[in-house]
1. Among the helices (runs of 4 or more DSSP H) contained in region 42-113, which hold 2 or more residues that are surrounded by 14 or more Cβ atoms within 10 Å (Cβ to Cβ) and at pLDDT 95 or above?
2. Do the conditions hold for Leu60, that is, is it more than 15 Å from Phe3 (Cα to Cα), more than 12 Å from the chain's Cα centre (by Cα) and hydrophobic (A, V, I, L, M, F, W, C)?
3. Considering only region 1-22, state which residues are part of a strand (DSSP E or B) and more than 12 Å from Asn84 (Cα to Cα).
4. Within region 9-26, restricting attention to residues that are out of contact with any strand residue (DSSP E or B) (no Cβ under 7 Å at 6 or more places or on another chain) and closer than 19 Å to Ala98 by Cβ, which residue is surrounded by the most Cβ atoms within 10 Å (Cβ to Cβ)?
Amino acid sequence: MNFNGEAFISGRFRGANHWEIHCNVLKAEACVPKVLSLGYIPFCPHKETENMQGVYPDQLFLDMCLAKIRMMNPERDILFMVENWRDSEGAREEYNLARELGITIMGEGDYEK
């Protein structure tokens with residue numbers, strides 16, 4: 001299969017407890033087949049950090065995600081929004097950065113391309 005580029009999956013991660021975080025990770029993970037069907041290689045940061053709560057400050061994870069978005073190629077990579085993204089301060093920052101950098105935005109729910 002030929003891929004168009006990479007898709008960064010952006011959506012709510014944090015929750016009041018481990019169960020809420022787990023549910024948010026599952027929502028993001030459920031986007032992987034959608035991303036693949038669009039011809040992109042999925043990157044799901046939720047899976048990278050789901051068991052790291054309390055190990056490092058939350059801000060470090062957001063900083064890493066924003067750095068990853070800055071490394072994306074606007075000509076081929078996309079930001080893929082999970083339907084719950086507006087409930088997340090971090091996802092809103094990722095969305096705003098992607099728009100500023102001219103990265104294509106796709107996904108679920110309400111967003112301005």
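The values are calculated or read from the model by the stated rules, or taken from the named source; none is laboratory data. This one's a predicted model, so the numbers in the text were calculated from it and none came from an experiment. Glycine also receives a Cβ, built like all others from the backbone with ideal geometry; neighbour counts cover every protein chain displayed.
1. 58-70, 89-101
2. Working: more than 15 Å from Phe3 (Cα to Cα): yes; more than 12 Å from the chain's Cα centre (by Cα): yes; hydrophobic (A, V, I, L, M, F, W, C): yes.
Yes, satisfied.
3. Hits for region 1-22 are Gly5, Glu6, Ala7, Phe8.
4. Selected residue: Phe13.
So that you can scan it fast, the table gives a plain yes or no per residue for (1) free of Cβ contacts under 8 Å to residues at least 40 places away in the same chain; (2) of a type outside the set (Val, Ile, Thr):
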residue: Met1; (1), (2): yes, yes
residue: Gly11; (1), (2): no, yes
residue: Val35; (1), (2): no, no
residue: Leu101; (1), (2): yes, yes
